[in-house]
Amino acid sequence: MPFCSHCQKPLQSTLWCGACQQLQSSGLQTDYFSVFGLPPRYDVDLKSLERSYHELAAELHPDFFATATVAERRLSEGLSARLNQAWQTLQNSTARAQYLMGVWKSKTPTHERDLPTGFLQEMFALQEELEELLEAKDQQALATKHADFLQRLNDLQHNYQQQLIELKENTPDTTFCKQIQQQLNAERYLLRLLERCSSTSSETDL
Amino acid sequence: MAYSEKVIDHYNEPRNVGSFAKSDDQVGTGLVGAPECGDVMKLQIKVENEKIVDAKFKTFGCGSAIASSSLATEWVKGKTLDEALAIQNTEIVEELSLPPVKIHCSVLAEDAIKAAIQDYRKRQETSSESTASA
């Protein structure tokens, strides 16, 4: 457990000491979970996370450091930015999973570009199919594809979220990390297919 | 974001779009993807006497990914396999003036060239093995 650099009492958040009201410069480097005093786990109570976010945001706000030293004002800006990044990341279910993979990376090798066997071939084939449907402007077939992909995306997200929630260890083994990373990678490709279905033309963005 | 004229040129008029028959022994196929954005790229080479005589690509992705792979097919043509293996993504970045956020597109193109050559070489090994065992 981290301790306050001023009063040495245990810290709830690594950004700020509730006991002596001091900013913690070490908070600029600590992980996003400990910013909220949480262990690095996927299942997060979003309501209490949001509450902590607002409370901390109020304590750290640079407006309250207008008359403080330059160093303290800078620190409050830095810590506020850190808090915002932590909140943005942890409140999003996909970003939170990706962030956890990063936390585990130091302990277990990751498989950054890994995909399930044959997945890329399948994505390429599906993209080719979509291209034909887009050219033919077959709205009905596109809507069916869109529904299929959405279902598949939901199943995929549900599956890895479940795996992460049920995880018992603090640092999972390589096989587990590989499984999660593969699904997170696959998610991007599915999102891409979905985007393409709903685009009205076959034009891609530069 | 502003794109270089070269990217726009390749995007509007991509060179060497299409595909060769995968089963052709002279052909090597590289299929790669970028998990960062979900782009997929297929690059194929046709080889005669260790020299790339033709190349085709098909990319589902952003303009920079299309331009990178289009340029890659232009560059590998006429090169030996070893010369093509030496192509670096940084050369593609420079030629197309890709911004930092699009560097992964050039990496994808380099990976596609390498994957195609690897696939070609693997096919040569297996076909010579099967000839030897026949």
Can you work out which of the residues in region B:14-46 that are among the small types (Gly, Ala, Ser) and over 14 Å from residue B:111 (Cβ atoms) is nearest to the other protein chains (Cβ to nearest Cβ)? B:38
Just name the residue that is surrounded by the most Cβ atoms within 10 Å (Cβ to Cβ) out of those in region B:1-13 that are within 11 Å of chain A (Cβ to nearest Cβ) and assigned to a loop (DSSP other than H, G, I, E, B). B:3
Has region B:71-86 got any residue that is within 12 Å of chain A (Cβ to nearest Cβ) and hydrophobic (A, V, I, L, M, F, W, C)? no
Could you figure out which of (1) away from chain B (no Cβ under 14 Å); (2) out of contact with any helix residue (DSSP H, G or I) (no Cβ under 9 Å at 6 or more places or on another chain); (3) outside any helix (DSSP H, G or I) isn't true of residue A:171? (2)
Might you let me know whether region A:102-111 holds any residue that is surrounded by 15 or more Cβ atoms within 10 Å (Cβ to Cβ) and within 14 Å of chain B (Cβ to nearest Cβ)? yes
Test for residue A:150: is it over 21 Å from the mean Cα position of the chain (by Cα), more than 10 Å from chain B (Cβ to nearest Cβ) and surrounded by 14 or more Cβ atoms within 10 Å (Cβ to Cβ): no
Does residue A:178 satisfy being more than 9 Å from chain B (Cβ to nearest Cβ), at positive phi and out of contact with any Cys (no Cβ under 8 Å at 6 or more places or on another chain)? no
Mind counting the residues in region A:9-54 that are without any contact (Cβ under 8 Å) to a residue 40 or more places away in the chain and either surrounded by fewer than 13 Cβ atoms within 10 Å (Cβ to Cβ) or more than 20 Å from residue A:103 (Cα to Cα) (or both)? 17
Condition first: among the polar types (S, T, N, Q) and under 17 Å from the mean Cα position of the chain (by Cα). Can you find one or more residues in region A:163-171 that meet it? yes
What do you reckon, is residue A:77 in a helix (DSSP H, G or I), surrounded by 15 or more Cβ atoms within 10 Å (Cβ to Cβ) and either away from every other protein chain (no Cβ under 13 Å) or at positive phi (or both)? no
Residues that are assigned to a helix (DSSP H, G or I), more than 24 Å from residue B:31 (Cα to Cα), free of Cβ contacts under 8 Å to residues at least 12 places away in the same chain and touching a helix residue (DSSP H, G or I) at 6+ places or on another chain (Cβ under 7 Å): does region A:124-144 have at least one? yes
A careful count of residues in region B:47-70 that are among the aliphatic types (A, V, I, L, M) and either within 14 Å of chain A (Cβ to nearest Cβ) or in a helix (DSSP H, G or I) (or both) gives 3
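Rundown of residues vs (1) among the basic types (Lys, Arg); (2) within 14 Å of chain B (Cβ to nearest Cβ); (3) surrounded by fewer than 15 Cβ atoms within 10 Å (Cβ to Cβ); (4) out of contact with any His (no Cβ under 6 Å at 6 or more places or on another chain), yes/no style:
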site	(1), (2), (3), (4)
A:132	no, yes, yes, yes
A:142	no, no, no, yes
A:154	no, no, yes, yes
A:161	no, no, no, yes
Note on region B:55-70: residues surrounded by fewer than 24 Cβ atoms within 10 Å (Cβ to Cβ) and over 11 Å from the mean Cα position of the chain (by Cα) are B:61, B:62, B:63
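No value in this document is a laboratory result; all are computed from the given coordinates. Computed from a predicted structure; not experimentally measured. Every residue, glycine among them, receives a Cβ derived from its backbone with ideal geometry; neighbour counts consider all protein chains shown.
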